[in-house]
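Below is one structure, written out as structure tokens; the observations come after it.
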Amino acid sequence: MSDMNRPGSAVGESDHIRTGLSKEQLKQAYIDNLFYLLGRFLEVATPHDSYMAAAYTVRDRMLDRWIKTARTYKASQARTVCYLSAEFLLGPHLAKNLINLGIMEVSREAGAELGLDFEAILEQEEEPGLGNGGLGRLAACYLDSLATLQIPAIGYGIRYEFGIFDQLIEDGWQVEKSDVWLRDGNPWELPRPKLRFPVRFGGHTETFQDDGRVRVRWIPDLVVEGRAYDTPILGYGVSNANLLRLWSAHAPESFDFQAFNTGDYYGAVHAKVEAETISKVLYPNDEPQAGKELRLKQQYFFASCSLQDMIRLQLGAAGTLEGFHEKFVVQLNDTHPAIAVAELMRLLIDEHRMDWEPAWEITRRTFAFTNHTLLPEALETWTVALFGRLLPRLLEIVYEINRRFLDKVRMHFLGDEARIARMSLIDEGHGRRIRMAHLATVGSFAINGVAEMHSELVKSTILKDFHDLWPERFHNVTNGVTPRRFIIVSNPRLARLLTECCGDDGWVRDMDRLRSLEPLADDVGFHEDWRRMKTAAKRDLADWLRRRVGVNVDPETLFDVQVKRIHEYKRQHLNVLHIITLYERLKAEPNRDVAPRTFVFGGKAAPGYLMAKLIIKLINSVAEVINQDPQVNDRLRVVFMPDFNVKNAQHLYPAADLSEQISMAGKEASGTGNMKFAMNGALTIGTLDGANVEIREEVGDENFFLFGHTAEQLQRLQAEGYRPWEICNDRFELRSALDLIASGLFSHGDKELFRPLVENLLYQDPFMVLADYELYLDRQTEVSHAWRDPKHWNRMSILNVARMGKFSSDRSIRDYCERIWRVRPVPAEL
Ligand code: CR1
């Protein structure tokens, strides 16, 4: 770029005020932003003003990179990865961006010289909670890795006005509070009011003649406008900055003047409200309950806006939609954006007057689909009735895709009508429903699961028929997490130690280099450093818990942590049964020698998921009794950390000694918390499920506490007729733990409160908690023994960190680039 094009270049010196990275330039820029953007000056600035000024100072530096990256990508004509996701759980931006720009330390110094409390400024940021859990956080890790690996990419999603609810705990129960994250403004985004697309809903379709062809016109009864909000996403240690584009829903005009003039003022305003409702709130279910009309509207809304935007870019660059799939590859993050398959067909056929065959050729070569769950309740379907009423034109297209697809299946599997019924995009059995996973599969050139075991199960269960037909389309890409967020930002002490050991910070972009730690696993001096680092992190967490939650915990005890969404399949209640058993052992034998532990739980329950809410209540009730019992509370403590989110999680990973990954085998597609803990030196107690399997393979069986039945064994148990109550008859301690809950000891004598939970475990136990109880307890006993030998424990901890290279999201993204997207890096230069 010529100098005249640089922002601020007209005024010479001030050029660097928006781009320079030196301490003096940062200080000057900060003061400038405080004054000109916020109308404040140092002496009167509140912590929030300081945060905003700091954020704008960082954003200025990102914009320079962002514009240059966009130009480089455009000139390269490279293929762009479009990651379509209903959720992006980014976490706070400021620290992450300071790290990726490489100015964390110099900013800290600049802050100190200005008399600012740097930590308090970071604390000010309200995180954008635009996701529920693993799936949304994975999308955020992937954006970080895409930018770091210099891959042209755009994240597309929804700018929810309210993200995932804030969780309060009152009297032990979860209480939800709406998340007003935009209340104080969002300095990281740039509104693009001119970048807007119409999205239609309802109405009917008609055919008409056009150049001798029959075409279809959709006359909607509601048109909503999607407006773009852009957030730059910086890579680490590179000049590339990618784009996250989120859509916000608006009425095309703020008033419907027709209605207004005829006196229907209320009706006119109502249309505006109806439109804006679409991007109002994130559905708080991690495994969504199907059937909600608004959710289908959200999905179609963001899929349509995103595709219209890609078409705009393609026409701008090439003037034609031919070859669209060579310029864009669209990754569908689960089935939430699967409707994009039908929408791209509609746009190509109806709006750009293409014929079906070439349009289908482009479509099926554009999309790739990631499945994230096998849970039957999470497999999205929509009734034909609802779908047709809301999206009449899309229903016609889905029918036509299905007709042509089933013709092919019929040719391939002659006479196999049962198979045809199973594979159809329409489930005729349950009140006629559209199967979104089938639509995504039929419309994609590649389908993948998120861990080896999960990908195998996808092929052998939910998509087996499709695998029989197109085995070459099925892949595995094991999930990963970004070490920028989950080591450098969360655990700076560990980051420093790793950089010292490796000689430089190259491990941040190549985590396999941590293997060079292996020889240190037996080094006495290094053990001392390791212990100091861990103890410091545990002290920090203890301070934080005292201030935030009002509980005292002892950093010398074993920190045993389970944080994730609360769900029966994740089996937080198995963890609780272990705690109750320890409690009973200590009560029966007060001098018994047990390794002192602090149990930490955290996680949100979907607001309508009563059993999950009861599990939260149980954890808090058990905590209350144990923490107040002087006979045991020097050796057992239980803490429920409220409002588990990215920001709070960052305090936990560095401090954990033991990571609980205890889902029922076959249920957790991958898990990513398991990776975050192990990367920070926690040891895992876990089942053979999801990515646990691969973590254990990498770190070595001797450095992992495996327990539990395998998925096949559990299946066999179930097939033989699983009778959980019989297990209790033989296991005295299990019976006793359940009896203790039922007795009302944890509920102030109320015997009814936990009855649904206890009876569910005794008589149904759908996630086979009781079947694994004894194996879990035995393994926990070994954990306690291992903890008694700090040298051995540290050795295992060091080896876990050294061998986690595979679980960097950089590796996952490289896999996607090579095996699925077929894209290469395009470095941007400053
Ligand atoms: C899975 O339950 C996985 C993440 C990310 C979740 C979890 O095991 O780590 O996806 N699935 O792949 C999900 O949210 C809707 O499905």
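The values are calculated or read from the model by the stated rules, or taken from the named source; none is laboratory data. Note that this is a predicted model, so its numbers are computed, not measured. Every residue, glycine among them, receives a Cβ derived from its backbone with ideal geometry; neighbour counts consider all protein chains shown. Heads up: the accessible areas ignore ligands, DNA and RNA and are worked out on the full protein's heavy atoms, side chains in. Shrake-Rupley method; radii C 1.70, N 1.55, O 1.52, S 1.80 Å.
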How many nm is it between the label spots at Ile219 and Arg404, if each spot is 7 Å from the Cα in line with the beta carbon?
2.8
Output for the range 770-812: trypsin sites (Lys or Arg not before Pro) sitting in coil per DSSP, at most 16 other Cβ within 10 Å, listed by number, reads Arg788
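Leaving out ligands, DNA and RNA, what percent of the accessible area of the chain is carbon and sulfur, probe 1.4 Å?
On the way: 16440 of 32080 Å².
Its accessible area is 51 percent carbon and sulfur atoms.
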Using amide H atoms built 1.01 Å from N in the peptide plane, name the residues 5+ places from Ala153, or on other chains, whose amide H lies under 5 Å from its own.
Val81, Leu243
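Work out how much length Trp725 to Leu414 would gain on full extension: take 0.36 nm times their residue separation and subtract the Cα-Cα distance, in nm to one decimal. Working shown, then result.
Values: separation 311, 0.36 × 311 = 111.96 nm, distance 4.75 nm.
Extending this stretch completely gives an extra 107.2 nm.
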Explain nothing, just compute: Karplus ³J(HN,Hα) = 6.51 cos²θ - 1.76 cosθ + 1.60, θ = phi - 60°, for every residue of the range 72-82 in order, whole Hz, x for Gly and Pro.
4, 4, 4, 5, 6, 6, 6, 6, 9, 8, 10
Given points 7 Å out from each Cα along the Cα-Cβ axis, report the Leu114 to Leu37 separation in nanometres with one decimal.
1.1
Can you work out the Karplus-derived ³J(HN,Hα) for every residue in the range 424-430? Use 6.51 cos²θ - 1.76 cosθ + 1.60 with θ = phi - 60°, whole Hz, and x for glycine or proline.
3, 5, 10, 8, 7, x, 10
Using the basic label-point model (7 angstrom from Cα toward the beta carbon), what is the Glu326 to Trp544 distance in nanometres?
5.0
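Mind ordering 211-220, 311-320 by average Cβ neighbours within 10 Å, highest first?
On the way: 211-220: 11.8, 311-320: 13.3.
The packing order, highest mean first, is 311-320, 211-220.
Rounded to the nearest 5, what % of the DSSP beta bridges within the chain are antiparallel ones? Please list the in-between numbers first.
Working: 38 of 85 bridges.
Bridges in the chain that DSSP calls antiparallel: roughly 45 percent.
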Going by amide H atoms built from the backbone, whose H comes under 5 Å of the H on Val281, apart from near neighbours?
Glu161, Phe162
Using modelled amide H (1.01 Å from N, peptide plane; none on Pro or chain starts), what sits under 5 Å from the amide H of Trp173, excluding residues fewer than 5 places away?
none
Mean accessible surface per residue for the chain, computed with a 1.4 Å probe while every protein chain stays in place, in Å²
39
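What's the Kirkwood radius of the chain in Å, using all Cα pairs? Working shown, then result.
Working: mean 1/r = 0.0352 Å⁻¹.
Evaluated over the chain, this radius sits at 28.4 Å.
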From the helices alone, meaning DSSP H stretches of at least four residues, give me the mean residue ellipticity at 222 nm for the chain, per-run term -39500 (n - 2.57), in deg cm²/dmol to the nearest 500.
-14000 deg cm²/dmol
Please list 3J(HN,Hα) in residue order for the range 767-780, calculated via the Karplus relation 6.51 cos²θ - 1.76 cosθ + 1.60 where θ = phi - 60°; whole Hz, with x for glycine and proline.
10, 6, 4, 5, 4, 9, 3, 5, 4, 5, 5, 4, 5, 5
Straight-distance crosslink candidates among lysines, where the alpha carbon sits under 21 Å from Lys617 and sequence neighbours closer than 8 are dropped:
Lys177, Lys564, Lys570, Lys604, Lys751
What ranking do 410-421, 113-124 get when scored by the average of other Cβ atoms within 10 Å per residue, highest first?
113-124, 410-421
